[in-house]
């Protein structure tokens, strides 16, 4: 009854606002990137040159901006370029960060969901508290913690675990620690939102049927929190792929991710077409697998399939 009384214009407005947001802030900027990626700047410093020849009326698309991503100019083998290595490195670090956030964040979210309702707001506030400070300030704080004369090395030497400072900064570990710390709330909050709605009487029923606490967790809690796991994983993985600040401040020279490569191409080499081509390929690497996954996931969720 309530659904039928809901006015049709209201439905269109509710559905249209998110689509309008995506068109304005994703689709249109993506079209601009796609346009620039086919521009042949030549000796001009104009990434918005027309793609057509006004004299012949033919399109002038420079496909080499994409070809150089997959084949080096020296005639090297296909898929053995600096850009491919940066893509693979970015995907690997993003995957590791998402897994670490899941391993660390799941117990946090589960503890908050099982806590008394009177203390949950305070616990959630502690999770969101880092957002109240500057992103750069938090990353720089880790430089002070992990530096050769930083807090952690000083503590290790004071406790006698090491006689000299350890190389903790500008390594894979320091970069993964920084990325996990920054993106951990993006994993905890979706998991909490999913776990807090779970009927914990199902665990009691599993125990009554003879399941151990570990079996009840893996057979009941984890499957019921699958939506939160996927949402948190995507919220962490997607921004980590294009992360630029944390690898630049905490990673070493060998930890060049695709975000840094795009920055160098655009602002150091002043090669906007190649930089945008790299960005378009990166978007494709993220969006296409997600679209395929959600397509098959929605089909599997339909009755009779």
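The values are calculated or read from the model by the stated rules, or taken from the named source; none is laboratory data. Fair warning: this is a prediction, and the values are worked out from it, not measured in the lab. Counting neighbours? That spans all protein chains shown, and the Cβs are built from the backbone with ideal geometry, glycine included.
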Query raised in the report: So which of 79, 48 ends up being farther than 12 Å from residue 277 by Cβ and at pLDDT 85 or above?
Result: 48
Report summary line: Reported set for region 50-71 where residues are more than 20 Å from residue 285 (Cα to Cα) and surrounded by fewer than 17 Cβ atoms within 10 Å (Cβ to Cβ) is 50, 51, 52, 53, 54, 55, 56, 57, 58, 59, 60, 61
**Report entry** Residue that is buried (at least 18 other Cβ atoms within 10 Å of the Cβ) and over 17 Å from residue 113 (Cα atoms), where the choices are 173, 220, 188, 177
**Finding:** 177
Requested in this report: Would you be able to say whether some residue in region 76-91 is surrounded by 15 or more Cβ atoms within 10 Å (Cβ to Cβ) and assigned to a loop (DSSP other than H, G, I, E, B)?
Outcome: yes
Query raised in the report: For residue 39, all conditions in the list (1) in a helix (DSSP H, G or I); (2) touching a residue at least 40 places away in the same chain (Cβ under 8 Å) hold save one; what is the number of the exception?
Result: (1)
Query raised in the report: Hey, does region 235-252 have a residue that's modelled with pLDDT of 90 or more, more than 22 Å from residue 175 (Cα to Cα), surrounded by 15 or more Cβ atoms within 10 Å (Cβ to Cβ) and in contact with a helix residue (DSSP H, G or I) (Cβ under 6 Å, 6 or more places away or on another chain)?
Result: no
Report summary line: Among helices (runs of 4 or more DSSP H) entirely inside region 119-211, those with 3 or more residues being out of contact with any strand residue (DSSP E or B) (no Cβ under 8 Å at 6 or more places or on another chain) and touching a residue at least 12 places away in the same chain (Cβ under 8 Å) are 120-128, 135-146, 172-195, 201-208
Requested in this report: Would you point out which residue out of 231, 291 is out of contact with any helix residue (DSSP H, G or I) (no Cβ under 7 Å at 6 or more places or on another chain) and farther than 30 Å from residue 50 by Cα?
Outcome: 291
Query raised in the report: Is there a residue in region 53-71 that is over 27 Å from residue 86 (Cβ atoms) and either touching a strand residue (DSSP E or B) at 6+ places or on another chain (Cβ under 6 Å) or at pLDDT 85 or above (or both)?
Result: yes
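Residues are listed down the side, and each one gets a yes or a no for (1) under 15 Å from residue 86 (Cα atoms); (2) touching a residue at least 24 places away in the same chain (Cβ under 8 Å); (3) in a helix (DSSP H, G or I); (4) within 15 Å of the chain's Cα centre (by Cα):
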site: 219; (1), (2), (3), (4): no, no, yes, no
site: 222; (1), (2), (3), (4): no, no, yes, no
site: 233; (1), (2), (3), (4): no, yes, yes, yes
site: 249; (1), (2), (3), (4): no, yes, yes, no
site: 259; (1), (2), (3), (4): yes, yes, yes, yes
site: 262; (1), (2), (3), (4): yes, no, yes, no
site: 266; (1), (2), (3), (4): no, no, yes, no
